[in-house]
Amino acid sequence: MYYPTIVVEDFFKDPNLILNFYKKVKWFKPKENENWPGVRSKPFYKINIDLHNYIMNKIISVYYNYNLQQVFWESANIQFHKVKLSDLKSWNKKQTHIHKDKNFEIAGVIYLNENTICKKSGTTIYNKNLKEQIVVSNNFNSLLLYDANKFHGVTKFTDLETLRIVIFINGIKTNNSFLKRFYGWLGY
């Protein structure tokens, strides 16, 4: 299935709770087989399952109507991700600026730089010819969701240390039994 690009402003009701939580997490550099600069937290399902479930349910409800169908997913990885310009300058892995997240269906970012609306440090979605298609600003407490198989990357690396929540979801399946019953009632 193709997932359209969607922006949701004011994602968290109280983003300060998230910022307080972020200050308490441990940070990890990428392992040898991972290809991202900066540092990340452990996945939320390991350190705060309630927050993980809250984010997942809110994301899934953007694409699916829970009143009409049940939605399941095989895996979801949600983590804090922090990157400084020095992290990018010292990054020696293959090019990660414009890429696809091939092993996932939906990818996303929640921007957490306080008091920030910065188009330059946001995310750009590209078409198959690598031409800019959509540019989304790094706007505090905004969620960007997109099809993980679309080319995307940071619009421009700036001196701003970026704090984000990164999201990767795979294996989405639905049970449309309600819709089947509904259309059956209509005689379809």
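Tabulated results
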{"quantity": "Top-ranked residue of region 11-41 - restricted to ones that are within 15 Å of the chain's Cα centre (by Cα) and at pLDDT 95 or above, ranked as farthest from residue 99 (Cα to Cα)", "calculated": "12"}
{"quantity": "Failed item in (1) at pLDDT below 90; (2) out of contact with any Ser or Thr (no Cβ under 8 Å at 6 or more places or on another chain), with residue 78 passing the rest", "calculated": "(1)"}
{"quantity": "Within region 42-73, considering residues that are in a loop (DSSP other than H, G, I, E, B) and at pLDDT 95 or above, the one nearest to residue 110 (Cα to Cα)", "calculated": "43"}
{"quantity": "Residue within region 148-156 that is at pLDDT 85 or above and in contact with an Asp or Glu (Cβ under 6 Å, 6 or more places away or on another chain) present", "calculated": "yes"}
{"quantity": "Test: residue in region 80-90 that is over 16 Å from the mean Cα position of the chain (by Cα) and part of a loop (DSSP other than H, G, I, E, B)", "calculated": "yes"}
{"quantity": "Region 57-90: number of residues that are surrounded by 12 or more Cβ atoms within 10 Å (Cβ to Cβ) and in contact with a strand residue (DSSP E or B) (Cβ under 7 Å, 6 or more places away or on another chain)", "calculated": "17"}
{"quantity": "Enumeration of residues in region 1-29 that are surrounded by fewer than 15 Cβ atoms within 10 Å (Cβ to Cβ) and assigned to a loop (DSSP other than H, G, I, E, B)", "calculated": "1, 2, 4, 9, 10, 13, 14, 23, 24, 26, 27, 29"}
{"quantity": "Residue in region 125-145 that is outside any loop (DSSP other than H, G, I, E, B), among the hydroxyl-bearing types (Ser, Thr, Tyr) and modelled with pLDDT under 85 present", "calculated": "no"}
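The values are calculated or read from the model by the stated rules, or taken from the named source; none is laboratory data. None of these values were measured; they are calculated from a predicted model. Using ideal geometry, Cβ is built from the backbone for each residue, glycine included, and neighbour counts are taken over all protein chains shown.
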